[in-house]
Amino acid sequence: MKKIVVLTGAGISAESGIKTFRDADGLWEGHDIMEVASPIGWNKNPTLVLDFYNKRRAQLLTVQPNKAHEILAELEKQFNIHIITQNVDDLHERAGSSSVLHLHGELLKVRSVANEKNIMHWKTDLNLGDCDEKGNQLRPHIVWFGEAVPLIEKAIEIVETADILVIIGTSLQVYPAAGLMNYVNQNVPVYYIDPKPATIYDLPNKLKVLPLSAVEGMKIVKDELLNLK
């Protein structure tokens with residue numbers, strides 16, 4: 001069974017109605033990104049940070065997976081599918097995908113500020129005073145700017161074993177996630193789906209760029225993959 005590794009970004013979730021939160025001027029909900037998505041912002045104003053993620057969490061619970069998520073889940077019947085996502089939502093899981101690695105954390109989880117491995121599920125608002133069993137404040141289980149990406153090595157290992165690589169809905173601007181495609185073997189075909197695809201330089205692989213939405217692009221890729229069998 002061929003192993004397909006899929007790298008997904010904000011574009012696949014946008015079609016479900018998930019706000020990207022970053023406006024054209026680079027602000028997130030009117031805030032500088034460092035105010036709401038960095039350790040500096042957290043230390044300066046944790047109430048603001050918690051409110052920001054509470055709004056994101058509440059909105060996530062109002063949306064559903066789209067056809068692109070569903071196609072990836074359906075392809076598990078024919079292929080060994082591994083999804084590596086930059087997204088912090090759970091739409092891949094809700095669509096039925098069974099192997100999903102979240103590089104940048106998960107919105108429906110929180111963790112202790114004293115122990116990053118003390119992680120728990122969380123679907124309601126998180127407030128100051130919500131603590132772990134030892135009295136330590138809980139924070140969003142999100143990898144903020146300036147923090148290490150703990151699962152990047154595992155992601156690299158997965159990419160290195162791919163028979164096919166599919167990239168969906170990412171501008172390929174956020175590192176280290178954007179560099180993952182460079183770990184794929186040279187004989188592995190690469191599909192890149194994005195309505196405004198970035199220019200990919202120096203990738204020796206056979207590359208097919210589909211300047212389409214995630215849903216429309218995955219319909220095409222699904223047909224091509226099934227024809228390979």
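Listed values, structure above:
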read-out: Equivalent ellipsoid dimensions for the range 1-131 as semi-axes, Å, which come from the Cα gyration tensor, largest first; value: 29, 17, 13
read-out: Residue-span extension gain [SER171 to LYS19] - 0.36 nm each, minus C-alpha spacing; value: 53.1 nm
read-out: Axial C-alpha extent at least 20 Å, average Kyte-Doolittle at least -1.0 - helices from the chain (DSSP); value: 46-60, 214-228
read-out: Accessible surface of the range 67-208, 1.4 Å probe, proportion on carbon and sulfur as whole %; value: 47
read-out: Normalised per residue, the volume of the convex hull around the Cα set of the range 62-126 (Å³); value: 90
read-out: Computed E for ALA198/ASN115 - FRET, C-beta separation, R0 41 angstrom, nearest 0.05; value: 0.65
read-out: Extension gain (nm, one decimal) between LYS134 and ASP32, 0.36 nm per residue minus Cα-Cα; value: 33.5 nm
read-out: Calculated FRET value between LEU61 and LYS208, using beta carbons and R₀ = 35 Å, to 0.05; value: 0.50
read-out: FRET E, pair ASN54, LEU101, Förster distance 22 Å, beta-carbon r, rounded to 0.05; value: 0.30
read-out: Solvent-accessible heavy-atom area per residue, rounded to whole Å², over the chain at 1.4 Å; value: 50
read-out: Among beta bridges that DSSP assigns inside the chain, antiparallel share in %, nearest 5; value: 30
read-out: Computed log₁₀ I(q)/I(0) - Debye formula, equal Cα scatterers, no solvent, the range 113-229, q 0.12 Å⁻¹; value: -0.62
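The values are calculated or read from the model by the stated rules, or taken from the named source; none is laboratory data. Because the structure is a prediction, the values reported are computed rather than measured. Don't worry about glycine lacking a Cβ; one is built from the backbone with ideal geometry, like all the others, and counts go over all protein chains shown. Side chains included, ligands, DNA and RNA excluded: accessible areas come from the protein's heavy atoms. Shrake-Rupley method; radii C 1.70, N 1.55, O 1.52, S 1.80 Å.
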